[in-house]
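Report on the following structure.
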Amino acid sequence: MKPVPEIIGEVVQKVRAEYDPVDGLQPYYMHGHPLEIVNILSQKTKNETLKFQKYPLIALFQDFDEPIEGDGRDVSLNIVICTETKPGFEASERYNETFKPILNPLFDLFIKHLRRSYYLNILPDAISYTKTDRVYWGRQGLYGSEGNIFDDHIDAIEISNLNLSLITGCQH
């Protein structure tokens, strides 16, 4: 049984191959607890080389349950696709500068390659999720108003309640 972070990682690899065919580096991928992801991004900020290897980012937030029944397992995932933004942008500027050229194409590629995943145990059109555009997500906090979870100013597309039924049987 392939772990969910690896399945999502394979989807991101396919997104990367199409989005960044020359270098094959973007978008970057991380998974883990949101605070762990923030800590890693903060560490990258302090490194002269890695500080340029943070965004655009696709992150799978953990923890999530995996009820297993027969040959299938169901998961409900929370994923964020984010990129840096300028704090002075207004919403219309964010759509022109980050959503249209970066976030929306990455979202479309992610959903396209997720639907083609070998590990799905449901029809591609049966995938359900909630998509939320997060303009200037960098200062209001991820899960409420308790502060900024990301140290950077970012715009994001949050994919919450991504309900998938995955194959548990023999996989490569």
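The values are calculated or read from the model by the stated rules, or taken from the named source; none is laboratory data. Given the structure is predicted, the values throughout are model-derived calculations rather than measurements. Please note: Cβ atoms are built from the backbone with ideal geometry, for glycine as well, and neighbour counts cover all protein chains shown. The protein model used for the area step is the full one, side chains on, heavy atoms only, and it has no ligands, DNA or RNA in it. Shrake-Rupley method; radii C 1.70, N 1.55, O 1.52, S 1.80 Å.
Against the condition within 16 Å of Leu164 (Cβ to Cβ), of a type in the set (Phe, Trp, Tyr) and open to solvent by 20 Å² or more (accessible area, probe 1.4 Å), how does Phe52 come out, does it pass? It is false that Phe52 is within 16 Å of Leu164 (Cβ to Cβ), of a type in the set (Phe, Trp, Tyr) and open to solvent by 20 Å² or more (accessible area, probe 1.4 Å).
Of the residues making up the stretch 27-75, those that are within 17 Å of the chain's Cα centre (by Cα) and either closer than 27 Å to Ala17 by Cβ or assigned to a helix (DSSP H, G or I) (or both) number 26.
In this entry, Val11 passes the filter for residues that are at negative phi and open to solvent by less than 10 Å² (accessible area, probe 1.4 Å).
Rundown of residues vs (1) β-branched (Val, Ile, Thr); (2) surrounded by 15 or more Cβ atoms within 10 Å (Cβ to Cβ), yes/no style:
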| position | (1), (2) |
| --- | --- |
| Asn47 | no, no |
| Arg73 | no, yes |
| Ile79 | yes, yes |
| Pro87 | no, no |
| Ser92 | no, no |
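Ser76 fulfils the conditions (1) polar (S, T, N, Q); (2) farther than 24 Å from Ser165 by Cα; (3) in contact with a strand residue (DSSP E or B) (Cβ under 7 Å, 6 or more places away or on another chain) except for a single criterion, (2). Taken over the stretch 111-120, the criterion of being crowded, with 17+ Cβ neighbours inside 10 Å and either of a type in the set (A, V, I, L, M) or over 14 Å from the mean Cα position of the chain (by Cα) (or both) is satisfied by Ile111, Leu114, Ser117, Tyr119, Leu120. Taking first residues from the stretch 67-90 that are at pLDDT below 85 and partners that are assigned to a strand (DSSP E or B) and β-branched (Val, Ile, Thr), the Cβ contacts under 7 Å between residues at least 6 apart in sequence or on separate chains come to Asp71/Ile167; Gly72/Ile167. Among the residues of this structure, Pro67 counts as one that is open to solvent by 20 Å² or more (accessible area, probe 1.4 Å) and closer than 22 Å to Met1 by Cα. Among the residues of the stretch 76-110, those identified as outside any helix (DSSP H, G or I) and within 12 Å of the chain's Cα centre (by Cα) are Leu77, Asn78, Ile79, Val80, Ile81, Cys82, Thr83.
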